[in-house]
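The structure appears right after this line, and notes come after that.
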Amino acid sequence: MTGNSAIAEAAIRAGCQCYFGYPITPQNELTEYMAANLSRRKGCSFIQAESEISAINMVYGASVVGARAMTSSSSPGISLKQEGISYLAACELPAVIVNMSRGGPGLGSIVAAQSDYFQSTRGGGHGDYRTIVLAPSSVQELADLTHKAFDLSDKYKIPTLILGDGILGQMMEPVEFHYEAPAELLVRPDGLRGAKGRPSKIIKTFTSDPAQLEELNWSLFRRYELIKKQETACETFMVDDAKLIVVAFGIAARIARGAIKTVRAEGLKVGLMRPITLWPYPSEKIQELAKGVKQYLVFELNMGQMIEDVQLSLAGQGEVSFYGRPGGVIPTPSEVARVISRLYYQKGLK
Amino acid sequence: MNTTVTVTKRLVNSFEQLAPGHRACLGCGEALAVRLVGKALGQNVIIVSATGCMEIISSQYPFTSWEVPWIHTLFENASAVASGIEAGIRALSRKGEFNEKTKVVAMGGDGATSDIGLQALSGALERRHNFIYICYDNEAYMNTGVQRSSATPYGASTTTSPASKITIGQTTWKKNMPAIVAAHDVPYVATACASYPFDLMSKVQKAMNVDGPSYIHILSVCPTGWRSSTESVIGLGRLAVRTGIFPLYEIEDGRYKLNMQMDKLHPVEEYLKQQGRFRHLSPEVIASIQTRVNADYAKLKEKATRS
């Protein structure tokens with residue numbers, strides 16, 4: 001199954017009732033899968049919107065009445081959705097947004113890149129808010145994290161982003177789905193209804209009282225702190241005896257893993273730290289690793305975005321080097337292996 | 001120093017605005033339309049192209065097929081960028097920095113025009129910028145893999161409106177873009193098709209001479225997305241016109257004028273049966289399409305008679 005189709009199938013099994021799409025490469029298979037399969041399910045609806053802005057605002061509408069709603073796009077389309085995502089965050093509404101990102105800026109290209117890290121992890125739109133950001137690195141994980149994204153989003157009432165890329169979306173791998181689609185539709189009990197015979201429910205995010213606005217932002221902030229404490233996730237690979245740790249996410253982590261196997265065969269003690277949640281960032285894990293390991297190599301398919309989170313996490317407790325490739329050409333594991341071993345010798349680790 | 005070639009006693013500009021070597025699919029009706037439009041526009045233009053087939057096939061970095069000044073914008077913005085260019089030209093002209101009468105021409109596909117770019121188009125028409133907007137309508141998002149748009153005809157199967165046992169595919173009727181544009185009271189609106197090249201070119205020339213906004217809606221046969229044979233492109237375009245599915249007409253200052261008087265329309269089935277996207281349609285659905293086409297054509301005729 002392609003990564004895009006796996007996300008769509010996982011979303012249907014996670015009880016996604018409404019999907020709103022708009023064509024953009026490289027995520028069209030997701031929209032097409034939903035068109036063919038979601039609309040057949042009872043009580044579910046697929047709509048192709050007239051623009052990305054409409055698609056995200058349809059999610060806003062569906063979420064406000066209590067339906068599990070989702071949209072997907074790729075970088076330029078995600079930029080258009082930002083105002084809507086900011087609104088979802090302010091209204092504390094769950095939603096799942098998939099970004100099969102591509103290279104930018106501007107139209108860029110449709111090949112894999114990780115240049116949307118800042119946009120994804122710093123809120124993305126206007127206002128001081130965050131979204132949970134999940135970064136899968138295989139088709140299986142795309143499926144698993146899609147399910148998780150819906151649950152996290154409902155649990156914390158926060159929009160949740162799945163950050164993939166063109167390779168993950170188009171790649172075909174075997175995938176197992178651990179869930180059956182629910183027989184009953186999951187409808188949030190706090191959804192908006194007509195006000196016949198009862199006082200009306202109102203969701204307000206605008207206030208002219210400065211104190212109220214501050215309280216709204218404090219309440220969001222407290223929830224973000226709770227998410228940081230409870231939902232941070234990462235994976236480590238061969239870090240126990242490592243002298244150098246590569247930090248990479250998504251498709252870059254997959255390339256790095258291959259590179260690490262190569263240099264391990266040459267006797268270099270190198271490990272991998274792969275954040276699965278990009279926000280909240282697994283800073284504590286890095287701090288824990290920093291007690292033993294002082295050399296870090298951040299590898300990204302951009303010119304240095306996640307490196308800032310690694311440096312902030314280390315707070316001077318280790319030395320950080322960087323290998324980045326801007327969108328366009330994807331380096332092979334052997335290219336990355338050469339970078340790793342050169343650094344390893346330069347730093348006198350052997 | 002335009003040279004011309006003589007074709008059936010009429011003079012056609014030999015200048016090719018769209019250079020060969022672009023990446024359009026075999027039998028692309030849109031590439032043909034762009035060539036004809038280019039011949040009519042000449043070289044004193046600035047073209048603004050929305051994202052879509054035409055941008056992807058003609059401007060793969062570091063190459064370009066455009067022999068005239070050309071700028072690309074994102075999907076929804078061609079009319080806004082054209083407005084900005086036209087405003088810039090006006091400002092520079094007032095200061096004596098820009099002394100040519102350069103026409104700004106915005107181009108987009110049906111998605112960029114009738115879906116995501118409608119707001120910007122409406123704004124530009126309302127402000128009455130001096131520009132031409134050309135919609136190349138191939139009736140779906142072909143560049144991204146044949147997803148439906150609001151210009152996709154009723155009953156067509158696309159990847160996001162797939163025909164199945166429970167649905168006939170696209171369940172809504174094609175958005176009437178020329179009427180939407182005409183509702184802005186613009187000086188010139190026309191429909192055209194590359195299967196009628198002289199009609200198309202004369203309409204573009206008319207639009208060039210309009211002071212203010214003008215709009216041309218061009219039906220572009222797309223063998224890839226319509227699942228039709230590549231040699232039937234011209235024939236299908238003619239059939240779309242002769243069945244009354246896509247009639248050729250102009251709206252000048254609100255007055256409708258039919259360019260082809262057809263007393264008897266060809267049956268729509270002739271047109272539908274040549275295309276894979278309509279293959280699943282039952283005789284009942286085809287009959288309902290025929291009824292709708294007849295009614296729409298009668299309405300158009302009435303408008304033309306009243307004008």
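The values are calculated or read from the model by the stated rules, or taken from the named source; none is laboratory data. This one's a predicted model, so the numbers in the text were calculated from it and none came from an experiment. In this analysis, Cβ positions are derived from the backbone assuming ideal geometry, glycine residues included, and neighbour counts consider all displayed protein chains. Surface areas here come from the heavy atoms of the whole protein model, side chains and all, with no ligands, DNA or RNA. Shrake-Rupley method; radii C 1.70, N 1.55, O 1.52, S 1.80 Å.
Among the residues of the stretch A:305-329, which ones are outside any helix (DSSP H, G or I), open to solvent by 50 Å² or more (accessible area, probe 1.4 Å) and on the phi < 0 side of the Ramachandran plot?
A:Gln317, A:Glu319, A:Phe322, A:Arg325, A:Pro326, A:Val329
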Looking only at the stretch A:108-132, filter to residues that are closer than 20 Å to A:Gly84 by Cβ and of a type in the set (Val, Ile, Thr); which one of those is farthest from the other protein chains (Cβ to nearest Cβ)?
A:Ile132
Any residue in the stretch A:80-107 that is within 14 Å of chain B (Cβ to nearest Cβ) and surrounded by fewer than 24 Cβ atoms within 10 Å (Cβ to Cβ) sitting within a Cβ distance under 9 Å of a residue that is of a type in the set (Asp, Glu) and assigned to a helix (DSSP H, G or I)? List the pairs, counting only those 6 or more apart or interchain.
A:Leu80/A:Glu52; A:Leu107/B:Glu55
Looking at (1) of a type outside the set (Gly, Ala, Ser); (2) over 28 Å from A:Arg102 (Cβ atoms); (3) open to solvent by less than 40 Å² (accessible area, probe 1.4 Å), which is the one condition that is false for A:Arg264?
(3)
Hits in the stretch B:71-128 (condition: under 22 Å from B:Asn44 (Cα atoms) and of a type in the set (Ser, Thr, Tyr))
B:Thr73, B:Ser79, B:Ser83, B:Ser93, B:Thr102
When the stretch B:121-143 is checked residue by residue, the ones that are surrounded by 24 or more Cβ atoms within 10 Å (Cβ to Cβ), within 14 Å of chain A (Cβ to nearest Cβ) and of a type outside the set (Phe, Trp, Tyr) are B:Leu121, B:Asn138, B:Glu139, B:Ala140, B:Met142
Take the conditions modelled with pLDDT of 95 or more, more than 8 Å from chain B (Cβ to nearest Cβ) and open to solvent by 10 Å² or more (accessible area, probe 1.4 Å) and apply them to A:Ser45. Does it pass?
no
Does any residue of the stretch A:213-230 turn out to be at pLDDT 95 or above, in contact with a strand residue (DSSP E or B) (Cβ under 8 Å, 6 or more places away or on another chain) and not hydrophobic (A, V, I, L, M, F, W, C)?
no
Which condition does A:Arg40 not pass, out of (1) touching a strand residue (DSSP E or B) at 6+ places or on another chain (Cβ under 7 Å); (2) at the interface with chain B (Cβ under 10 Å from one of its Cβ atoms); (3) closer than 19 Å to A:Glu184 by Cβ, if it passes all the others?
(1)
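Rundown of residues vs (1) open to solvent by 50 Å² or more (accessible area, probe 1.4 Å); (2) over 27 Å from B:Glu126 (Cβ atoms); (3) in contact with a Pro (Cβ under 8 Å, 6 or more places away or on another chain), yes/no style:
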{"residue": "B:Thr172", "(1), (2), (3)": "yes, no, no"}
{"residue": "B:Ile180", "(1), (2), (3)": "yes, no, no"}
{"residue": "B:Ala194", "(1), (2), (3)": "no, yes, no"}
{"residue": "B:Asp199", "(1), (2), (3)": "no, yes, no"}
{"residue": "B:Gly212", "(1), (2), (3)": "no, no, yes"}
{"residue": "B:Leu239", "(1), (2), (3)": "no, yes, no"}
{"residue": "B:Ile245", "(1), (2), (3)": "yes, yes, yes"}
{"residue": "B:Pro267", "(1), (2), (3)": "yes, yes, no"}
Could you check, for the stretch B:158-179, whether at least one of its residues is over 28 Å from A:Gln48 (Cα atoms) and part of a loop (DSSP other than H, G, I, E, B)?
no
Scan of the stretch A:142-174 for residues that are farther than 24 Å from A:Ile24 by Cα and in a loop (DSSP other than H, G, I, E, B), ordered by number
A:Lys157, A:Ile158, A:Pro174
Among the helices (runs of 4 or more DSSP H) contained in the stretch B:216-297, which hold 3 or more residues that are aliphatic (A, V, I, L, M)?
B:233-242
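With the structure loaded, tell me whether A:Ser321 is more than 30 Å from A:Tyr224 (Cβ to Cβ) and free of Cβ contacts under 8 Å to residues at least 40 places away in the same chain or whether it fails that test. Don't jump to the end; show me each part of the working.
On the way: more than 30 Å from A:Tyr224 (Cβ to Cβ): yes; free of Cβ contacts under 8 Å to residues at least 40 places away in the same chain: yes.
For A:Ser321, the condition - more than 30 Å from A:Tyr224 (Cβ to Cβ) and free of Cβ contacts under 8 Å to residues at least 40 places away in the same chain - is met.
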Filter pass, B:Val189 being surrounded by 24 or more Cβ atoms within 10 Å (Cβ to Cβ), more than 14 Å from chain A (Cβ to nearest Cβ) and assigned to a loop (DSSP other than H, G, I, E, B)
no
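If you scan the stretch A:18-37, which residues turn out to be more than 9 Å from every other protein chain (Cβ to nearest Cβ) and within 14 Å of A:Gly164 (Cβ to Cβ)? Steps first, please.
First, pick out the residues of the stretch A:18-37 that are more than 9 Å from every other protein chain (Cβ to nearest Cβ): A:18-20, A:26-27, A:30, A:33, A:37.
Hits for the stretch A:18-37 are A:Pro26, A:Gln27, A:Leu30.
Looking at the stretch A:210-261, which of its residues are closer than 25 Å to A:Gly327 by Cα and open to solvent by 80 Å² or more (accessible area, probe 1.4 Å)? Spell out how you get there, then give the answer.
Step one: filter the stretch A:210-261 for residues closer than 25 Å to A:Gly327 by Cα, giving A:234-235, A:245-261.
Correct list: A:Arg254, A:Lys261.
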With the requirement that a residue be part of a strand (DSSP E or B) and more than 14 Å from chain A (Cβ to nearest Cβ), what does the stretch B:88-120 give you?
B:Lys103, B:Val104, B:Val105, B:Ala106, B:Met107
Inspect the stretch A:54-75 for any residue being facing chain B (nearest Cβ under 10 Å), within 18 Å of the chain's Cα centre (by Cα), crowded, with 20+ Cβ neighbours inside 10 Å and in a helix (DSSP H, G or I) and give the result as yes or no.
no
